[in-house]
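Student: My questions will all concern the structure given below.
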Amino acid sequence: MTSLLPSTQRALLRRLAVEQSENRVPSLIAGLIRDGATIWVDTRGKVGGCPSTTDTQYRIGSITKTFVAVLVMRLRDEGRLDLVDKLDEYVPGTSVGKRSIGEILSHSSGLTAEPAGQWWERTPGGNAAELLSSIDEHALRPTPRHGFHYSNVGFGLLGELVSRLRGVAWREVLQREILAPLGMNRTTLGPVAPHAEGLAVHPWADVVLAEPTEDAGAMAPAGQLWSTIDDMARWIRFLSGDTGEVLHPDTVAEMRSPGSVNDGPEWRTGHGLGLQLLRHRGRRLAGHGGSMPGFLATVWADPAEATGVVFMANTTAGVSGAFATDLLDLLAEHEPRIPAAWEPRADVNLQFLELTGQWYWGTTPYVLRVLPNGLLDLSPWQGRGRASRFRANADGTWTGLDGYYEGEVLRVGRNTDGIPTHLDLNTFIFTRTPYSTDAPVPGGVAGWKPAG
């Protein structure tokens, strides 16, 4: 484990200790990840009479949903389904059949939060047929379109979708397609020693109650998994883009894009495709929280800073919502990330240099730069406006990867000598000088003249 300064470790430990002590958490373990390495782990409280370790399992609850979402996106990337496809095409017979797979992934389908019947998190779960038959007209909420409404039931349906398209139980697909390739050997459907016991703490006395740990059956895709700090550190790296070929990094970036938001004066939290999103002090975090009777857990990844945080606790309630982000804040305050030293790159395509430098959209100056990995960046010169990265295509065009021009095609216009004269970006013309007469500017260019 990478070492932090003693002062940083003390600040982090104190925050952990205050959380565990003041909120009376039986055991609490947390870790920080930076640049792919676990740089800090500490714990308070005990499991079986001893402090927990990075190999101690806790139930991670709804973090399970992020794994199910990855299984669905793998099917999408293979061409087995599309996110706009209706659920009825794959899992017919429910009242939500006309909603799309993408809506279910982003919790905007209008489907009820919880399944019919008893409190599902504390009782043995039924099979898929029982779950499907219970999703009738009463399972839809009044405002399904474009609105956020969290749904555990939706991920039960997505687990069944995976099972039907793969021909085996979703848990087998999970093991084969995610856990084994990523080496997450301590992430399991049920507890495997060493593991914590799920506990509830009495609100007015220092005594605890053992919580039930039932198999959720068809609802397991919504919150069944158990895991460890070590495995969750690997999952944070995955969410940041170190995907181990389980998914393309661009697909994970797509999952991190907002699909629905929790409305308010300004949106701070929302959902992508199976991922919770959080904006915090300039950071854009992606991950998920998890709660099941006796357990709480959270993972956040900050891809821009190559940083992440995870905590696990064996308590039904008590860990504050700010705990995980407080740890990130302390790390940034005490040991801000030091950028890697700049060095010239050997992988720059020198043919792209002719495209670099100043371009103008009308009278607005832009700058085009060459990025690593064969990408181009087109950004406003003063940093305000539409910015996008582009990847080269075999035919000499470029496709936008993000921002306003995501998915749009950029074409390079050249004169008879082959020198670039303009960029045609989905009808917008960028020129080397403002409204250059050497480029086909729509509406024509009459020439500059003094005002008046």
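The values are calculated or read from the model by the stated rules, or taken from the named source; none is laboratory data. Note that the structure is a prediction, hence the values are computed from the model and not measured. Quick reminder, even Gly has a Cβ in these numbers, built from the backbone with ideal geometry, and neighbours come from all protein chains shown.
Student: Pairs under 8 Å by beta carbon, first residue farther than 20 Å from His334 by Cα and modelled with pLDDT of 95 or more in the range 32-53, partner among the hydrophobic types (A, V, I, L, M, F, W, C) and part of a loop (DSSP other than H, G, I, E, B), six or more apart or different chains?
Tutor: What qualifies is Arg44/Val25; Gly45/Val25; Val47/Ala196; Ser52/Ala196.
Student: What pairs come up if the first residue lies in the range 372-389 and is within 26 Å of Asp347 (Cα to Cα), the second is hydrophobic (A, V, I, L, M, F, W, C) and assigned to a loop (DSSP other than H, G, I, E, B), and their beta carbons are under 7 Å apart, counting only those six or more places apart or on different chains?
Tutor: These pairs meet every condition: Leu378/Ala387; Ser379/Ala387; Pro380/Ala387; Ser388/Leu401; Arg389/Leu401.
For (1) of a type in the set (A, V, I, L, M); (2) on the phi > 0 side of the Ramachandran plot; (3) free of Cβ contacts under 8 Å to residues at least 40 places away in the same chain, each residue gets a yes or a no:
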| position | (1), (2), (3) |
| --- | --- |
| Asp402 | no, no, no |
| Gly418 | no, yes, yes |
| Thr427 | no, yes, yes |
| Asp438 | no, no, yes |
| Gly447 | no, yes, yes |
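Student: I'd like the full set of residues that are among the aromatic types (Phe, Trp, Tyr) and under 30 Å from the mean Cα position of the chain (by Cα), limited to the range 335-358. Step through it out loud before you land on a result.
Tutor: Within the range 335-358, the first condition is being among the aromatic types (Phe, Trp, Tyr), and the residues that meet it are 342, 352.
Selection gives Trp342 alone.
Student: Further question: Looking only at the range 286-329, count every residue that is under 19 Å from Leu13 (Cα atoms), of a type in the set (A, V, I, L, M) and assigned to a loop (DSSP other than H, G, I, E, B) and tell me the total.
Tutor: So the answer is 2.
Student: So Ala332 ticks every box in (1) part of a loop (DSSP other than H, G, I, E, B); (2) over 19 Å from the mean Cα position of the chain (by Cα) but one. Which box is left unticked?
Tutor: Only one criterion in (1) part of a loop (DSSP other than H, G, I, E, B); (2) over 19 Å from the mean Cα position of the chain (by Cα) is unmet by Ala332, namely (1).
Student: Within the range 344-359, can you find the residues that are surrounded by 15 or more Cβ atoms within 10 Å (Cβ to Cβ) and modelled with pLDDT of 95 or more?
Tutor: The initial filter retains those residues of the range 344-359 that are surrounded by 15 or more Cβ atoms within 10 Å (Cβ to Cβ), namely 352, 355, 359.
Those that are surrounded by 15 or more Cβ atoms within 10 Å (Cβ to Cβ) and modelled with pLDDT of 95 or more: Leu355, Trp359.
Student: Here's another thing I want to ask about it. How many of the residues making up the range 412-428 are surrounded by 14 or more Cβ atoms within 10 Å (Cβ to Cβ) and charged (D, E, K, R)?
Tutor: 1
Student: Checking the structure you have, find out if any residue of the range 77-96 is among the β-branched types (Val, Ile, Thr) and in a helix (DSSP H, G or I).
Tutor: no
Student: Also, I was wondering about something else. Hey, among Gly396, Gly362, Gly407, Gly385, which residue is surrounded by 14 or more Cβ atoms within 10 Å (Cβ to Cβ) and modelled with pLDDT under 95?
Tutor: Checking each option against the conditions leaves just Gly385.
Student: Tell me which residues, restricted to the range 123-149, are touching a residue at least 60 places away in the same chain (Cβ under 8 Å) and touching a strand residue (DSSP E or B) at 6+ places or on another chain (Cβ under 9 Å).
Tutor: Passing the criteria: His146, Gly147, Phe148.
Student: Oh, and also: Go through the range 250-280 and give me each residue that's within 14 Å of the chain's Cα centre (by Cα) and either over 20 Å from Gly102 (Cβ atoms) or among the basic types (Lys, Arg) (or both).
Tutor: Within the range 250-280, Arg256, Leu278, Arg279 qualify.
Student: Search the range 75-116 for residues being touching a residue at least 60 places away in the same chain (Cβ under 8 Å) and touching an Asp or Glu at 6+ places or on another chain (Cβ under 6 Å), and hand back the single one that is surrounded by the most Cβ atoms within 10 Å (Cβ to Cβ).
Tutor: Ile101
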